[in-house]
């Protein structure tokens, strides 16, 4: 598996953010989206130096404009989330063309990761579970997307996601068995899909290319999984609290990943869905992000004691 390697970077130096932490989401019909300049300013003020792209069209879709905007806010691009229709052979040509466009934007903006998500339709992510023959089509298309990403110098990593066609633990395992595509270890979405996240991380450590890290309120998660709340409603009720304040063994998972010695990149995501005109939204979201940063910082002495070499990161 290809991945970024260089001088050793400590945990916080390898922790990016994403627009979803400020309410900007790729999922159709997702709440109010704050202005770009406000979100990027908040990312920088919270101490982040890397971000993911966010929903297509939120940030500039021309590489030079994207790079210039991020540079103005002292940010760099880590990667981008790309929903793709991969199960329908009749759409293969258009899907690969769209993937190439996204890969060109991510690579042109300086990114490293092409984060793919298998959806039934760009505007309706999970209409039904995949049929047996469709799984083979998806596996083959993931190989084609791997090639597209590699041609642009990117690593494709598949993101199992609640409400998409690769959602459950069983579906994720099936894709890992039938393709060579790398995995985004999204701690919360895997839990919502029924996975034991720590166990999955341990068993598939060599397949993990990128980590989307967030904690989960287990009570609200149960309501979402039971269909009592939609994902957005769950988020609005506090589904994803700051790291260390939910029910996931985040410290155990990070310890396992860090002991692998692979210097994996993390994207701190605390999915937010906000209402237009909410005057407290920006301050609240930055406070939550900083609490998660503080939690990750608290892990560094433990990680250092296990043999890792860490430098001090200048974050609030």
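The values are calculated or read from the model by the stated rules, or taken from the named source; none is laboratory data. Bear in mind the structure is a predicted one, so any value in this text is a computation, not a measurement. FYI the Cβ positions are ideal-geometry reconstructions off the backbone, even for glycines, and counts take in every protein chain you see.
A few notes on this one:
- Filter result (part of a loop (DSSP other than H, G, I, E, B), under 21 Å from the mean Cα position of the chain (by Cα) and at pLDDT 95 or above) within region 213-233: 214, 215, 216, 217
- Output for region 100-159, where each listed residue is at pLDDT 95 or above, surrounded by 15 or more Cβ atoms within 10 Å (Cβ to Cβ) and part of a loop (DSSP other than H, G, I, E, B): 109, 110, 111, 112, 152, 154, 159
- Members of region 263-281 that are part of a loop (DSSP other than H, G, I, E, B) and farther than 20 Å from residue 77 by Cα: 272, 273, 275, 276, 277, 278, 279, 280
- Of all residues making up region 287-312, the number that are at pLDDT below 90 and either within 13 Å of residue 14 (Cβ to Cβ) or assigned to a loop (DSSP other than H, G, I, E, B) (or both): 9
- Test: residue 284 is in contact with a helix residue (DSSP H, G or I) (Cβ under 8 Å, 6 or more places away or on another chain), modelled with pLDDT under 95 and part of a helix (DSSP H, G or I): no
- Test: residue in region 191-203 that is closer than 17 Å to residue 24 by Cα, surrounded by 22 or more Cβ atoms within 10 Å (Cβ to Cβ) and either touching a strand residue (DSSP E or B) at 6+ places or on another chain (Cβ under 9 Å) or modelled with pLDDT under 95 (or both): no
- Leading residue by the ranking (nearest to residue 122 (Cα to Cα)) among those in region 57-86 that are in a loop (DSSP other than H, G, I, E, B) and touching a strand residue (DSSP E or B) at 6+ places or on another chain (Cβ under 7 Å): 86
- On the stretch given as region 160-173, residues that are part of a helix (DSSP H, G or I) and within 16 Å of residue 205 (Cα to Cα) total 3.
- Looking across region 234-258, the residues that are assigned to a helix (DSSP H, G or I) and within 17 Å of residue 187 (Cβ to Cβ) come down to 234, 235, 250, 251, 252, 253, 254, 255, 256, 257, 258.
- Region 32-56, residues that are assigned to a helix (DSSP H, G or I) and more than 20 Å from residue 276 (Cα to Cα): 44, 45
- Every condition in (1) surrounded by 16 or more Cβ atoms within 10 Å (Cβ to Cβ); (2) over 24 Å from residue 117 (Cα atoms); (3) at pLDDT below 95 holds for residue 246 except the one numbered (3).
- Scanning region 7-21 for residues that are outside any helix (DSSP H, G or I) and in contact with a strand residue (DSSP E or B) (Cβ under 7 Å, 6 or more places away or on another chain), we see that the one that is farthest from residue 40 (Cα to Cα) is 15.
- Within region 216-238, the set of residues being touching a residue at least 40 places away in the same chain (Cβ under 8 Å) and under 25 Å from residue 299 (Cα atoms) is empty.
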